[in-house]
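What follows is one structure encoded as structure tokens, with my remarks underneath.
What follows draws every value from the coordinates through simple rules; no lab data is involved. Just so it is clear, the structure is predicted and the values come from calculations on it, not from any experiment. A quick note on method: Cβ atoms are made from the backbone with ideal geometry, for glycine too, and the neighbour counts reach across all protein chains shown.
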């Protein structure tokens, strides 16, 4: 999808979410849902299958996510799927997250850890990342077993890599 189309979809979804006062919720939930769909080949294929009628694809969305996301997020996701853009959901969700964070004066941070962090751990990590970045952030936590341990954070163009995986790679280069 072109960047312009991605931006247009993100802008439209942001407008819908704003009208309901749910920008942050929709941006966060849509980002999480896009990651889950991306990791589920069968669901991703079904939602992107344009040979299926739009109402059938959106019914799959409702059946799978209905009670797990806000009505605003469900409506946004259904609109993307009905328009035949399910395969571009990740890019749209990223753009929406960036716009929402930017509008709130925050930098979007993608934080990867090998396991889920407690609320307390997340708060402490956010404080440390904000200090390192020199600005407030809007974190998106992702559990990524490939990190092995530690944390890998991207804040705009800045990368903070304290993962065991990167440390092991550095050691391999030395020996």
### Summary
As a percent rounded to 5, the proportion of antiparallel DSSP bridges among beta bridges in region 65-175 is 55 percent
### Task
Express the relative contact order of region 3-101 as a whole percentage, based on alpha carbon pairs under 8 Å and six or more residues apart in sequence.
47 percent
### Summary
Per GNM of the chain with C-alpha springs under 10 angstrom, the most fluctuating residue out of 78, 163, 138 is 163
### Query
Which whole-number percent is the relative contact order of region 129-170 (Cα, under 8 Å, 6+ apart)?
30 percent
### Query
What Kirkwood hydrodynamic radius, in Å, does region 1-152 give when the mean of 1/r is taken over all pairs of distinct Cα atoms and then inverted?
16.3 Å
### Summary
Quick shape check on region 36-91: root eigenvalues a ≥ b ≥ c of the Cα gyration tensor, a/c under 1.5 is rounded, otherwise prolate if a/b tops b/c, else oblate, and it reads rounded
### Query
Using alpha-carbon pairs under 8 Å, 6+ residues apart, how would you state the relative contact order of the chain in percent?
21 percent
### Message
If the elastic network links every pair of Cα atoms under 10 Å, which of 124, 44, 18 fluctuates the most in the Gaussian network model of the chain?
### Response
124
### Query
So, in nm, how far is label residue 142 from label residue 59 when the simple model puts each one 7 Å beyond its Cα toward the Cβ?
3.3 nm
### Query
What shape does region 114-175 take by its C-alpha gyration tensor, where a ≥ b ≥ c are the square roots of the eigenvalues and a/c under 1.5 counts as rounded, a/b above b/c as prolate, and the rest as oblate?
oblate
### Task
Would you mind telling me which residue in 112, 135, 85 has the biggest mean-square fluctuation in a Gaussian network model of the chain, where springs connect alpha carbons within a distance under 10 angstrom?
135
